[in-house]
Amino acid sequence: MSTSTSSSLNVFEVGKYRVEFQRVEAAETRCCSSKSSSSVSVPPPKPLLIGLPGEAGEFPVLLLLHGFLLSNSFYSQLIQHIASHGFIVIAPQLYTVAGSDTSDEIKSTAAITNWLSEGLQSLLPPHVQANLDKLALAGHSRGGKVSFALALGKEEITTSLKFSALIGIDPVDGMDKGKQTPPPVLTYVPHSFDLDDMAVMVIGTGLGEVRRNPLFPPCAPKGVNHEDFFYECRKPACYFVAKDYGHLDMLDDETKGVRGKATYCLCKNGKSREPMRKFVGGVMVAFIKAYLGGGTSELIAIREGGHEAAPIELQTVEFLL
């Protein structure tokens, strides 16, 4: 294995930074916030789970959107992995109950993005600075659809801050082709996404389109999943598909509550969540660093190393450059 490939493996392990977590309630529940009213000058539009490096520095920011009916807390180990490499990760709880229409989630994500410049820094320790000139957006499952929708300006919604990188983690646009949830994102026209040269990464799962049992549809149905999202991307874009892992395998090892228990029985899963979570966290770190000014060596090493570089077997590795 080459030196560059060996170094890329570091992104798949925990980084050098100790990670701290903060929970911040939304404006309407401010009286119950884990942060006192006096310490939060401008409360966020939605509840937040924030993972940040515990050491001093200025760090890029990643906004991470949860999947359908999932809790942001289910991503705490993924958040910890990413934050340990020198990122501030903000995971909002967009809703607890939702219908098919994602318009409110798009609007909420835009509102959170606009809030960052006026409210985020007051939540952070004085020695930790958020660099909002280096801002990335990522979403899992339905959150992936919402991320693409916001970046594409659906619902004619814009943000005051500009995202430099976009990541879809097993994104899903509905139940089937022709049964997309509104507003639809996929057009089925090659390279049709007009993202103003924003760098894009799509991560897919080989088992996402496989039914867990005949009573439920697959969690990432063919025709509205990662394959179709990447098909519409323009360069620069990269695409990874994890062969033997499922739609929820990047979540925490243990997800509690009724919704947490459901994550083990609704989707086809791999043998263990840890390898997939390490891969997703690592490739996200490498991608964001590559396109937010942190260096391209780790992403290039993963591209060149392929199966050898990743902690899981990859079904697909493709780049549009």
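Take residues that are in contact with a strand residue (DSSP E or B) (Cβ under 7 Å, 6 or more places away or on another chain) and farther than 27 Å from GLY295 by Cα and tell me which of the strands (runs of 3 or more DSSP E) falling wholly in the range 43-145 contain 1 or more. It would help to see each step written out before you state the result.
On the way: elements: 48-53, 57-65, 88-92, 128-140.
Passing ranges, in order: 48-53, 88-92.
Quick check on my filter: what residues within the range 151-192 are modelled with pLDDT under 95 and aliphatic (A, V, I, L, M)?
Matches in the range 151-192: ILE157, MET175.
Within the range 146-157, take every residue that is of a type outside the set (Val, Ile, Thr) and outside any helix (DSSP H, G or I) and give me the one that is farthest from VAL172 (Cα to Cα). So that I can check it myself, show each step before the final result.
Residues of the range 146-157 that are of a type outside the set (Val, Ile, Thr), as a first pass: 147-156.
Keeping just the survivors that are outside any helix (DSSP H, G or I) gives 152-153.
Numbers: LEU152: 16, GLY153: 18 Å.
Here the residue is GLY153.
Quick one: how many residues across the range 247-269 are over 18 Å from THR96 (Cα atoms) and either of a type in the set (D, E, K, R) or in contact with a Gly (Cβ under 6 Å, 6 or more places away or on another chain) (or both)?
So the answer is 8.
Among (1) small (Gly, Ala, Ser); (2) in contact with a Cys (Cβ under 6 Å, 6 or more places away or on another chain); (3) under 30 Å from LYS134 (Cβ atoms), which single condition is ALA290 missing?
(2)
Just give me the residues in the range 216-241 being touching a residue at least 60 places away in the same chain (Cβ under 8 Å) and part of a loop (DSSP other than H, G, I, E, B), in sequence order.
CYS219, ALA220, CYS233, ARG234, LYS235, PRO236
Name the single residue that is surrounded by the fewest Cβ atoms within 10 Å (Cβ to Cβ) among those in the range 107-129 being farther than 21 Å from GLY139 by Cα and among the small types (Gly, Ala, Ser).
SER122
Quick check on THR187: is it among the β-branched types (Val, Ile, Thr) and within 30 Å of LYS134 (Cα to Cα)?
Yes; evaluated as a whole, the condition is true for this residue.
Listed residues PHE216, PHE319, PHE287; which is at negative phi, among the aromatic types (Phe, Trp, Tyr) and exposed (fewer than 14 other Cβ atoms within 10 Å of the Cβ)?
Among PHE216, PHE319, PHE287, only PHE216 is at negative phi, among the aromatic types (Phe, Trp, Tyr) and exposed (fewer than 14 other Cβ atoms within 10 Å of the Cβ).
Would a scan of the range 105-121 turn up a residue that is of a type in the set (Phe, Trp, Tyr), touching a Leu at 6+ places or on another chain (Cβ under 7 Å) and either in contact (Cβ under 8 Å) with a residue 24 or more places away in the chain or on the phi > 0 side of the Ramachandran plot (or both)? Can you show your working first?
Residues of the range 105-121 that are of a type in the set (Phe, Trp, Tyr), as a first pass: 115.
From what's left, touching a Leu at 6+ places or on another chain (Cβ under 7 Å): none.
Checked against the condition, which is being of a type in the set (Phe, Trp, Tyr), touching a Leu at 6+ places or on another chain (Cβ under 7 Å) and either in contact (Cβ under 8 Å) with a residue 24 or more places away in the chain or on the phi > 0 side of the Ramachandran plot (or both), the range 105-121 yields no hits at all.
Would you call ARG273 within 18 Å of LEU65 (Cβ to Cβ), among the basic types (Lys, Arg), under 19 Å from the mean Cα position of the chain (by Cα) and crowded, with 19+ Cβ neighbours inside 10 Å?
no
Looking only at the range 242-270, count every residue that is touching a residue at least 40 places away in the same chain (Cβ under 8 Å) and either in a loop (DSSP other than H, G, I, E, B) or buried (at least 21 other Cβ atoms within 10 Å of the Cβ) (or both) and tell me the total.
Adding up the residues that qualify gives 20.
Check VAL185, VAL189 and return the single one that is part of a loop (DSSP other than H, G, I, E, B) and buried (at least 16 other Cβ atoms within 10 Å of the Cβ).
Working: VAL189 fails: buried (at least 16 other Cβ atoms within 10 Å of the Cβ).
Only one candidate qualifies: VAL185.
The values are calculated or read from the model by the stated rules, or taken from the named source; none is laboratory data. What you see is a predicted model, and the numbers here were worked out from it, not measured in a lab. Neighbour counts run over all protein chains shown; Cβ positions are idealised from the backbone, glycine included.
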